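Below is one structure, written out as structure tokens; comments come after it.
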Amino acid sequence: MTDFDDYLNEQLKNDEFRAEYEALEPEFAIIQAMIDARKKSGVTQKELSEKTGIAQADISKIENGNANPSLRTLKRLANGMGMTLEIKFKPITP
């Protein structure tokens, strides 16, 4: 474990912190899925920018969690990586 993991685990013991952290999980999952897909497709942010017409700075902002991309933008990014975008709704488990 890293120092950050230890710190995070300690913070997650606080119910209020845990609730806020879990509320952000879908956003983190989308960001990580995009980063993983880009790396799997073997393209850099710059190359993806050239393929999609989306500024490299905007791609960086999305990957860093500093932007809220539209569905249209996510579809363009997926297409630029030779992929399709899939969004699911699933039941909330207690």
For the chain, what does the helix formula give at 222 nm: sum of -39500 (n - 2.57) over DSSP H segments with n ≥ 4, over the residue count, nearest 500 deg cm²/dmol?
-19000 deg cm²/dmol
Solvent-accessible surface ranking, highest first, for 15, 5 at 1.4 angstrom
15, 5
Those trypsin sites (Lys or Arg not before Pro) from region 1-90 that are DSSP loop and have at most 11 other Cβ neighbours within 10 Å turn out to be 13, 88
In square angstrom, what is the accessible area per residue of the chain with a 1.4 angstrom probe?
80
Karplus-derived 3J(HN,Hα), 6.51/-1.76/1.60, for each residue of region 16-31, Hz, glycine and proline x:
5, 4, 4, 4, 5, 4, 5, 5, 8, 3, x, 5, 4, 5, 5, 4
Pair-distance profile P(r), taking every C-alpha pair of the chain, with 10 angstrom steps and integer %
14, 39, 26, 19, 1
Phi-based couplings in Hz for region 84-92 (Karplus 6.51, -1.76, 1.60; Gly and Pro marked x):
10, 9, 10, 10, 10, 10, 9, x, 6
Karplus-derived 3J(HN,Hα), 6.51/-1.76/1.60, for each residue of region 2-7, Hz, glycine and proline x:
9, 4, 5, 4, 4, 4
With DSSP loop assignment and no more than 15 other C-beta atoms within 10 Å, the chymotrypsin sites (Phe, Trp or Tyr not before Pro) in the chain are 89
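The values are calculated or read from the model by the stated rules, or taken from the named source; none is laboratory data. Just so it is clear, the structure is predicted and the values come from calculations on it, not from any experiment. Reconstructed Cβ throughout: ideal geometry from the backbone, glycine too, with neighbour counts over all protein chains shown. The accessibility values were calculated without ligands, DNA or RNA, using every heavy atom of the protein model including side chains. Shrake-Rupley method; radii C 1.70, N 1.55, O 1.52, S 1.80 Å.
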